[in-house]
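Peer 1: Once you've had a glance at the structure underneath, I'll fire off some questions.
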Amino acid sequence: MTGAGGRGAGMTLALDKLGALYDERVAAIDPDRARAYAAATNDDLAAYRAGEYAPPVFGVVPVWDGMLAVVADVVPPQALVMAVHGEQDMHFHRPLVPGRSLATRAEPFSVRVGPSGTRFTVRLTSNDAEDGGAVLEQYVTMFIRGLSEGESAGPDRPDHTFPEEARGRKVGDYSVHVDDDQTFRYRDASGDQMPIHVDEQFAKSVGLPGIIAHGLCTMAMTSQAVLRLVADGDPARLRRLAVRFSKNVFPGSDVVTSVYDAGKAGDRHVYAYEAHSRADLVIANGRAEIGPVGA
């Protein structure tokens with residue numbers, strides 16, 4: 001175990017648990033909930049309405065309880081109040097199909113200590129519960145503010161830093177409006193009950209100007225830009241979607257995603273992207289990888 005100083009003095013992360021595989025959890029990709037998730041993120045893509053596919057970011061919903069169990073096991077309770085969702089990186093081996101079930105194992109993956117806090121990454125590997133085929137691999141990074149001393153451990157998580165040379169190859173912009181009731185609809189569809197998203201008084205009590213949108217709701221909105229601008233609206237072509245959550249998004253605003261051509265990686269086309277809302281950079285280091293049609 002490792003000590004931590006600053007505001008986190010005396011707290012420890014259970015580094016001895018890195019690399020351990022937790023018990024498998026099986027959860028369905030519920031068709032009704034997948035449709036509700038698309039509606040809750042203002043995504044009217046025909047493939048979602050028809051129940052052919054679930055939205056890509058919906059992949060967090062069946063596995064979230066398992067991820068939280070790992071976080072609670074590794075991060076001490078007094079540090080959890082300082083933890084925020086920092087990054088989400090999703091690798092798709094096949095699209096999410098409503099009616100199928102995911103068998104998921106979670107693993108405490110890595111810890112990286114920096115001057116302003118610690119990044120703790122959980123890896124989740126999901127296979128189809130029936131045929132055993134790989135479906136989705138996710139890296140969820142929590143940032144623990146103030147936990148700034150101690151040792152880093154574990155492997156490097158996959159990189160998705162924005163390649164600055166891609167800025168000269170802009171593909172386009174795509175805007176999604178955040179409705180006044182967006183956070184309530186997203187809460188119901190996703191199961192994320194954090195009060196900062198639905199309770200104005202509570203949000204202000206923790207220093208926010210008001211209710212803020214869920215980060216994963218914002219990520220789902222940026223996925224619309226990717227699929228519509230560079231994948232012909234086909235979720236089955238998406239191979240990777242990764243972001244860093246940079247600043248808060250507020251109801252009544254627009255999320256404008258800018259997509260840039262970052263070249264090829266094997267048979268995949270790579271795109272860098274970022275999103276702004278009310279002039280703030282709210283999604284940074286976005287990366288999307290798109291496979292060929294029918295592959």
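The values are calculated or read from the model by the stated rules, or taken from the named source; none is laboratory data. Just so it is clear, the structure is predicted and the values come from calculations on it, not from any experiment. Cβ coordinates were reconstructed from backbone atoms using ideal geometry, including for glycine residues, and neighbour counts include every protein chain displayed.
Peer 1: Could you tell me which of the residues 23, 16, 44 is at negative phi, outside any loop (DSSP other than H, G, I, E, B) and out of contact with any helix residue (DSSP H, G or I) (no Cβ under 7 Å at 6 or more places or on another chain)? Full working, then the answer.
Peer 2: Values: 23 fails: outside any loop (DSSP other than H, G, I, E, B); 44 fails: outside any loop (DSSP other than H, G, I, E, B).
After ruling out the rest, the residue left standing is 16.
Peer 1: Another question, then. Would you check if residue 35 is in a helix (DSSP H, G or I), out of contact with any Cys (no Cβ under 9 Å at 6 or more places or on another chain), at pLDDT 95 or above and outside the structural domain of residue 247 (by TED's automatic domain parsing)?
Peer 2: On the way: in a helix (DSSP H, G or I): yes; out of contact with any Cys (no Cβ under 9 Å at 6 or more places or on another chain): yes; at pLDDT 95 or above: yes; outside the structural domain of residue 247 (by TED's automatic domain parsing): yes.
Spelling it out, residue 35 is indeed in a helix (DSSP H, G or I), out of contact with any Cys (no Cβ under 9 Å at 6 or more places or on another chain), at pLDDT 95 or above and outside the structural domain of residue 247 (by TED's automatic domain parsing).
Peer 1: Could I ask something else about it? Just the residues that are out of contact with any Gly (no Cβ under 9 Å at 6 or more places or on another chain), part of a loop (DSSP other than H, G, I, E, B) and either in the same structural domain as residue 28 (by TED's automatic domain parsing) or at pLDDT 95 or above (or both), please, taken from region 171-209.
Peer 2: Residue satisfying the conditions is 181 alone.
Peer 1: Same structure again: Quick one: which residue in 77, 62 is closer than 13 Å to residue 33 by Cα and either out of contact with any helix residue (DSSP H, G or I) (no Cβ under 7 Å at 6 or more places or on another chain) or in the same structural domain as residue 23 (by TED's automatic domain parsing) (or both)? So that I can check it myself, show each step before the final result.
Peer 2: Details: 77 fails: closer than 13 Å to residue 33 by Cα.
When all the criteria are applied, what remains is 62.
Peer 1: How many of the residues in region 47-57 are outside any helix (DSSP H, G or I), surrounded by fewer than 20 Cβ atoms within 10 Å (Cβ to Cβ) and of a type in the set (A, V, I, L, M, F, W, C)?
Peer 2: To start, the set of residues in region 47-57 that are outside any helix (DSSP H, G or I) comprises 50-55.
Filter once more, keeping what is surrounded by fewer than 20 Cβ atoms within 10 Å (Cβ to Cβ): 50-52.
Subsequent filtering for residues that are of a type in the set (A, V, I, L, M, F, W, C) retains 50.
Counting residues in region 47-57 that are outside any helix (DSSP H, G or I), surrounded by fewer than 20 Cβ atoms within 10 Å (Cβ to Cβ) and of a type in the set (A, V, I, L, M, F, W, C) gives 1.
Peer 1: Take the residues in region 240-272 that are over 14 Å from residue 88 (Cα atoms) and hydroxyl-bearing (Ser, Thr, Tyr), then tell me which one is surrounded by the fewest Cβ atoms within 10 Å (Cβ to Cβ).
Peer 2: Residues of region 240-272 over 14 Å from residue 88 (Cα atoms): 247-272.
Add one more test, that the residue is hydroxyl-bearing (Ser, Thr, Tyr), and what stays is 253, 257-258, 260, 271.
Numbers: 253: 17, 257: 26, 258: 20, 260: 21, 271: 24.
Among residues in region 240-272 that are over 14 Å from residue 88 (Cα atoms) and hydroxyl-bearing (Ser, Thr, Tyr), the one surrounded by the fewest Cβ atoms within 10 Å (Cβ to Cβ) is 253.
Peer 1: If you go through region 162-179 one residue at a time, do you hit one that is surrounded by 16 or more Cβ atoms within 10 Å (Cβ to Cβ), within 17 Å of residue 64 (Cβ to Cβ), under 22 Å from the mean Cα position of the chain (by Cα) and not aromatic (Phe, Trp, Tyr)?
Peer 2: Scanning region 162-179, I find no residue that is surrounded by 16 or more Cβ atoms within 10 Å (Cβ to Cβ), within 17 Å of residue 64 (Cβ to Cβ), under 22 Å from the mean Cα position of the chain (by Cα) and not aromatic (Phe, Trp, Tyr), so the answer is no.
Peer 1: Just give me the residues in region 277-287 being surrounded by 20 or more Cβ atoms within 10 Å (Cβ to Cβ) and over 17 Å from residue 168 (Cα atoms), in sequence order.
Peer 2: The answer is 277, 282, 283.
Peer 1: Then there's this: With the structure loaded, tell me whether residue 228 is among the basic types (Lys, Arg), within 29 Å of residue 96 (Cα to Cα), crowded, with 18+ Cβ neighbours inside 10 Å and at pLDDT 95 or above or whether it fails that test.
Peer 2: Considered against the rule, which asks whether it is among the basic types (Lys, Arg), within 29 Å of residue 96 (Cα to Cα), crowded, with 18+ Cβ neighbours inside 10 Å and at pLDDT 95 or above, residue 228 comes out as no.
Peer 1: (1) among the basic types (Lys, Arg); (2) closer than 24 Å to residue 102 by Cβ; (3) assigned to a strand (DSSP E or B): which one isn't true of residue 119, the others all being true?
Peer 2: (2)
Peer 1: Filter region 19-39 down to residues that are loosely packed, with under 14 Cβ neighbours inside 10 Å and among the β-branched types (Val, Ile, Thr), then give me how many there are.
Peer 2: 1
Peer 1: Further, regarding this structure: When the residues of region 73-106 are filtered to those that are surrounded by 19 or more Cβ atoms within 10 Å (Cβ to Cβ) and acidic (Asp, Glu), which remaining residue is nearest to residue 127 (Cα to Cα)?
Peer 2: The selected residue is 89.
Peer 1: Tell me the residue from 70, 135, 122, 60 that is within 29 Å of residue 177 (Cα to Cα), surrounded by 18 or more Cβ atoms within 10 Å (Cβ to Cβ) and modelled with pLDDT of 95 or more, please.
Peer 2: On the way: 70 fails: within 29 Å of residue 177 (Cα to Cα); 135 fails: within 29 Å of residue 177 (Cα to Cα); 122 fails: within 29 Å of residue 177 (Cα to Cα).
Answer to the check: 60.
Peer 1: Further question on the same structure: How many residues, within region 156-170, are in a helix (DSSP H, G or I) and not charged (D, E, K, R)? Spell out how you get there, then give the answer.
Peer 2: Step one: list which residues in region 156-170 are in a helix (DSSP H, G or I), which gives 164-168.
If we keep only those that are not charged (D, E, K, R) as well, we get 166, 168.
The number of residues fulfilling the criteria is 2.
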